[in-house]
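Structure first, then comments.
The values are calculated or read from the model by the stated rules, or taken from the named source; none is laboratory data. In this text the structure is predicted, and so the values were computed from the model without any measurement. Positions of Cβ are generated from backbone atoms using ideal geometry, with glycine treated the same way; all protein chains shown enter the neighbour counts. The accessibility values were calculated without ligands, DNA or RNA, using every heavy atom of the protein model including side chains. Shrake-Rupley method; radii C 1.70, N 1.55, O 1.52, S 1.80 Å.
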Amino acid sequence: MTTAQADLVTIAKIERHFGVRGEFKVRSLSDVPGRLDHLKQVQILAPTGQTVARTVTHVRRDGSTYIMGLAGITTPEEAGMLRGGLIQVPRAPAAALYAAGYFACALLGM
């Protein structure tokens with residue numbers, strides 16, 4: 001099952017590969033504290049425009065960034081191919097807003 005692009009929210013950007021096990025550094029684009037800490041499933045919008053679903057194997061903090069591993073990505077070369085990609089999740093589990101708040105993605109195109 002594929003989630004339509006409009007139903008996804010971008011929460012992070014892949015900066016570069018990290019180490020030799022296919023991990024990569026991720027910069028959070030979310031203002032929700034801990035948003036990346038408990039991810040299970042994500043969509044990756046690769047720089048090529050292709051969207052792929054992946055299972056998150058682990059996430060850990062590394063200063064102001066995160067180190068993330070995804071199932072099926074085991075080499076630095078595979079991780080490097082995702083450099084510049086966007087990590088997206090379905091809009092439904094997005095963090096709750098305060099009463100008069102809006103998500104920036106909901107205002108686009110208005």
* To do: Can you tell me which residue within the range 18-38, out of those that are hydrophobic (A, V, I, L, M, F, W, C), out of contact with any His (no Cβ under 9 Å at 6 or more places or on another chain) and crowded, with 18+ Cβ neighbours inside 10 Å, is nearest to Leu8 (Cα to Cα)?
  => Leu36
* **Condition met for Arg16 (in contact with a helix residue (DSSP H, G or I) (Cβ under 9 Å, 6 or more places away or on another chain) and in contact (Cβ under 8 Å) with a residue 40 or more places away in the chain)** => yes
* To do: Would you tally the residues in the range 59-68 being touching a strand residue (DSSP E or B) at 6+ places or on another chain (Cβ under 9 Å) and open to solvent by less than 70 Å² (accessible area, probe 1.4 Å)?
  => 6
* Asked: Restricting attention to the range 39-62, which residues are small (Gly, Ala, Ser) and more than 14 Å from Glu15 (Cα to Cα)?
  -> Gly49, Ala53
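Can you tell me which of Thr55, Thr10 is at pLDDT 95 or above and not hydrophobic (A, V, I, L, M, F, W, C)? Explain how you work it out, then say what you get.
Working: Thr10 fails: at pLDDT 95 or above.
Result: Thr55 is the single residue among Thr55, Thr10 that is at pLDDT 95 or above and not hydrophobic (A, V, I, L, M, F, W, C).
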* Just one of Ala79, Ala95 is modelled with pLDDT under 60 and open to solvent by less than 80 Å² (accessible area, probe 1.4 Å); which is it? -> Ala95
